[in-house]
Each structure stands twice: as C-alpha cells, then as structure tokens.
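Engineer: Take this structure first; my questions come after.
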Amino acid sequence: MGLILAFVRVLFLTFLLVWYTDAGASNGYKVFNVKKYGAVSDGKTENNKAFLKAWSEACQWHGKAMVLIPRGVYILDSVLFLGECNGYMAFNLKGILKPKGSLQTSDQWITFRYIKGFFLGGGGTLDGEGYKHWNRHDCLKNLNCHPLAISLRLEFIQNGMVSHIRSINSQNAHMSLFGCVNLNMSNLRLSAPGDSPNTDGIKIGSSEEIKISKTRIGTGDDCVAILSGSKNINISQVHCGPGHGISVGSMGGEGSVTESVVGVTVKDCTFNGTSDGTRIKTWASSTTGVASNFIYENIRMMNVANPIIIDQDYCPYPPCDMKTPSRIQIKDITFNNIWGTSESNVAVTLNCSRTVPCKNILLKDISFFHGRGGSVRFGTLVYLNNVQYLVYFSDLVTFDGTHG
C-alpha cells in the first residue's frame, strides 16, 4: 500500500510540475509551447504557422513571455518574428531547427525584428544544411544570383542576450546583427567547413554596444565581421578557426558615400589556422570615412597566415580599379601583447592609403615565430606603407629566441 501511495504522490507531483510549467510559471515567464499550437517535431512537417501563432500570443502578453521549442527536429520556412511586444520576450530553443528545402525568401531564414528586451537561448541548434546549397553559390560570377540564407538575423533589437546556441552549416552567414543596441552574445558555437563560401560567423552592421564572449567560431569566412555604422564593439575569449579572422570591413565599397567604425576591442582571443588574424580592410574607392579607436590585446595566434594586417587596397577578386586610393582614415589603433606562429614571413602588414595615411598606430610586445619552423626574419617581419606616427614600444618583436 505504501508503494502505491508513493507512486501516486510522484505521479501527482509530476503532473503538477508539467501543469505549472505549461501555465507559464517558469522564472516568472508565461510559457507558450509551440507544440500546443500544432508544431510537429518529426523533421518533415513545416511549422511556420504554429511558431508564428505562439509568438503572436506571447508578444501580446503583458509581462515576461517565453516561446518554448521543446526537443525534437522542426522544419521552418523563411520566418519573421516581429515586435514590438508588450513585454520582455524569450525564445527558448531546446530542439533543432532546419530550413525548408526551398525557402520563400532566399536570403532569409529566421529573423527577429523590432524587439525591446529579448533573450534567445536554451542550448538548441540551428542547422542551415548549407552543404545542400553551397555548390550553387555563384554570386561572384552571376549578378542575377539569389543570395543564400543567413541562418539568424537580429534586426533593431534593443537590450538583448543570445546565449548557449549552436549554429552549424549555415548556407550564408550564421548570424547577422543590424541596427541593434546593447546586445550581449556568449557561449555560442558556430561551425561550417573551412572551404564553405561566405559562411561568416557573426556580421555586425550599424549596431552599438555589442559584446561577444566565450564563443567558438570555425567557418569559411570571417569569424566576426564588423561593418560600417558599428560603434563600441567588445570581443573577448573568442576562439577563431578555421576562418578569415576577426575583420573590420570591408569598408568603402561601391555605392557607399561615407562609412565609419569607431571603438572596437578584441582581447583574450585565440586564432588557430586562420588565413588572417586581426584585419582592417578597405576598398580603394572615393568613399570617405573613419575607422578609429581599436584595441587588440592579449591575443594568441597559431599558424595564422597574416596575423596582423591593415589592407587599404582590399581586392578579394581581381582585377580591381586601384586608380582611386582609399579615403577611409584609419587612426588610433593599438596592437598589444600578440604572439604565436605566423605561416608567412610577413607577420605584420600595414598597407595604408597614400591619400589618408594611417595615424597613431601602436605596436607593443608583438612576438612571432615561423609556423613551419625557423625564425621570422626581422627584415620582412613588418611591411609598412603610408603610415604616419607609428610607435614601437617595449621590444617590437621576438624572433628565433632573440629581441629585435
């Protein structure tokens, strides 16, 4: 009899817990479970209608609302989760999201827009299944191409957090931020093969007060790309590789009038097997602008082809028109305590504009060895072109066990 009573008690408590969660008492959130709205986690059924219905009702809730995606595999077409909402919104992803075979909007998959107070997390996965699409990526040759989908777009989000999310095999970039303010991103895992086209990890444009930390990114393009209009970007404890490093730009592309990136800090990061490390890149064009107040410090490079590079003749796909020098002013840049192995003989390249030379570039405690053994020769360790006010501090380089 005692065992029966104990079993009934456990059953009752379990039922009570389920009811309590479904009623919405989860850390003060009202929970909107997509399965209650008809979502099917069989990896075959499209679930846009159920997800949008759950989001709509959550968005109308006066208070903290959580859209819950339980474990399982859910198929979504291009979907826009739109604010503004009546309270703080959480998107708690426990399952795996995969795209419909042919997306309604080719360059967009999952988008959140116009939300004040937002959390995305839960330990779930975005699987873009990019390997099904990369072979048709021909935008470099075909001007009429349809760009592939960015897995996650965050647009005009204020006061948000993205944490403990995994993104794999994105068709295009994994995550894109535009018009965001005060967004904290941490404990992310973004991965795609090193030869996958245009699979940037995180692209940031026209956003400010963005923090990225405790994140691992391995992909086929920039681990982080900081584009024009961005201000006060802080990146720390990021492991990058494979990929093209952490880049500012490219800036000054065709069609732009003026561009700026101000206030970037990259610290306590590791680059492993990347084509570039810390990179600032601008096109040779008449676009004016500024890239200033950057700090790169406490960075380890392992077998990086171009560890430190400023390139104001950026031309990824020659030929390019180099008649007009870049008019983007690069100034007030600090490289401090950066060390490791360089795959090339030129570990530091500062190739600046002849029209607006780089100003106030500080190199302090920079130490590199050649990745394939032997020393990096001092004479070719640093390449300088059109640099004003370059300052060397506290032994510029260490090579082959000696000081330069």
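Engineer: Tell me, which strands (runs of 3 or more DSSP E) lie completely within the stretch 210-311 with 3 or more residues that are in contact with a Lys or Arg (Cβ under 6 Å, 6 or more places away or on another chain) and small (Gly, Ala, Ser)? Write out each step before concluding.
Structural biologist: Numbers: elements: 224-226, 230-240, 246-251, 258-272, 276-282, 288-304, 306-311.
Those strands (runs of 3 or more DSSP E) span 246-251.
Engineer: Taking Lys44 as the residue in question, decide whether it is modelled with pLDDT of 95 or more, in a helix (DSSP H, G or I) and out of contact with any Cys (no Cβ under 9 Å at 6 or more places or on another chain).
Structural biologist: Details: modelled with pLDDT of 95 or more: yes; in a helix (DSSP H, G or I): no; out of contact with any Cys (no Cβ under 9 Å at 6 or more places or on another chain): yes.
No.
Engineer: Only one of Phe271, Phe294 is among the aromatic types (Phe, Trp, Tyr), crowded, with 22+ Cβ neighbours inside 10 Å, more than 19 Å from Cys358 (Cβ to Cβ) and modelled with pLDDT of 95 or more; which? Let's see the steps before the verdict.
Structural biologist: On the way: Phe294 fails: more than 19 Å from Cys358 (Cβ to Cβ).
The conditions single out Phe271.
Engineer: Which of the residues spanning the stretch 310-325 are at pLDDT 85 or above and more than 26 Å from the chain's Cα centre (by Cα)?
Structural biologist: Thr324, Pro325
Engineer: Considering every residue within the stretch 60-78, establish whether at least one is in contact with a strand residue (DSSP E or B) (Cβ under 7 Å, 6 or more places away or on another chain), touching a residue at least 40 places away in the same chain (Cβ under 8 Å) and of a type in the set (Asp, Glu).
Structural biologist: no
Engineer: Scan the stretch 299-309 for residues that are touching a residue at least 40 places away in the same chain (Cβ under 8 Å) and in contact with an Asp or Glu (Cβ under 7 Å, 6 or more places away or on another chain) and jot them down.
Structural biologist: Asn303, Val304, Asn306, Ile309
Engineer: Filter the stretch 313-348 for residues that are out of contact with any Lys or Arg (no Cβ under 8 Å at 6 or more places or on another chain) and under 21 Å from Gly289 (Cα atoms) and give the result.
Structural biologist: Across the stretch 313-348, the qualifying residues are Asp313, Cys315, Pro316, Cys320, Asp321, Met322, Lys323, Thr324, Ser326, Arg327, Ile328, Ile333.
Engineer: Sticking with this one: Suppose we filter the stretch 350-367 for residues that are surrounded by fewer than 23 Cβ atoms within 10 Å (Cβ to Cβ), over 17 Å from Ile328 (Cα atoms) and not small (Gly, Ala, Ser); how many remain?
Structural biologist: Of the residues in that region, 4 qualify.
Engineer: Moving on. Those residues that are closer than 13 Å to Gly128 by Cα and not in a loop (DSSP other than H, G, I, E, B), I need them from the stretch 179-208; list them, please.
Structural biologist: Leu190, Ser191
Engineer: When you go through Ser176, Ser151, Ser167 one by one, which is the residue that is over 23 Å from Thr45 (Cα atoms), under 20 Å from the mean Cα position of the chain (by Cα) and not in a loop (DSSP other than H, G, I, E, B)?
Structural biologist: Working: Ser151 fails: over 23 Å from Thr45 (Cα atoms); Ser167 fails: over 23 Å from Thr45 (Cα atoms).
Result: Ser176 is the single residue among Ser176, Ser151, Ser167 that is over 23 Å from Thr45 (Cα atoms), under 20 Å from the mean Cα position of the chain (by Cα) and not in a loop (DSSP other than H, G, I, E, B).
Engineer: Also: Give the number of residues within the stretch 249-266 that are farther than 19 Å from Leu190 by Cα and either at pLDDT 95 or above or hydrophobic (A, V, I, L, M, F, W, C) (or both).
Structural biologist: In the first step, residues of the stretch 249-266 are kept if they are farther than 19 Å from Leu190 by Cα; the result is 249-265.
Narrowing further to those that are either at pLDDT 95 or above or hydrophobic (A, V, I, L, M, F, W, C) (or both): 251, 257, 260-265.
Going through the stretch 249-266 one residue at a time, the tally reaches 8.
Engineer: Does Ser106 count as assigned to a loop (DSSP other than H, G, I, E, B), among the small types (Gly, Ala, Ser), without any contact (Cβ under 8 Å) to a residue 24 or more places away in the chain and farther than 24 Å from Cys269 by Cβ? Walk me through how you get there before you give the answer.
Structural biologist: Numbers: assigned to a loop (DSSP other than H, G, I, E, B): yes; among the small types (Gly, Ala, Ser): yes; without any contact (Cβ under 8 Å) to a residue 24 or more places away in the chain: no; farther than 24 Å from Cys269 by Cβ: yes.
No, not satisfied.
Engineer: Using beta carbons and a limit of 6 Å, which pairs, at least six apart or on different chains, have the first residue in the stretch 169-198 and charged (D, E, K, R) and the second one surrounded by fewer than 23 Cβ atoms within 10 Å (Cβ to Cβ) and outside any loop (DSSP other than H, G, I, E, B)?
Structural biologist: That search, which allows pairs on different chains as well, returns Arg189/Arg166; Arg189/Arg216.
Engineer: As an exercise: evaluate Pro70 against (1) within 23 Å of Gln171 (Cα to Cα); (2) at pLDDT 95 or above and give the number of the one condition it does not meet.
Structural biologist: (1)
Engineer: Only one residue in Pro325, Pro318 is out of contact with any Cys (no Cβ under 7 Å at 6 or more places or on another chain) and without any contact (Cβ under 8 Å) to a residue 24 or more places away in the chain. Which one? It would help to see each step written out before you state the result.
Structural biologist: Values: Pro325 fails: without any contact (Cβ under 8 Å) to a residue 24 or more places away in the chain.
Matching residue, one of Pro325, Pro318: Pro318.
Listed here are the residues, each with its yes/no results for (1) among the polar types (S, T, N, Q); (2) under 18 Å from Gly123 (Cβ atoms).
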{"site": "Thr45", "(1), (2)": "yes, no"}
{"site": "Gln60", "(1), (2)": "yes, no"}
{"site": "Pro70", "(1), (2)": "no, yes"}
{"site": "Val73", "(1), (2)": "no, yes"}
{"site": "Val79", "(1), (2)": "no, no"}
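The values are calculated or read from the model by the stated rules, or taken from the named source; none is laboratory data. In this text the structure is predicted, and so the values were computed from the model without any measurement. Virtual Cβ from ideal backbone geometry, glycine too; neighbours counted across all protein chains shown.
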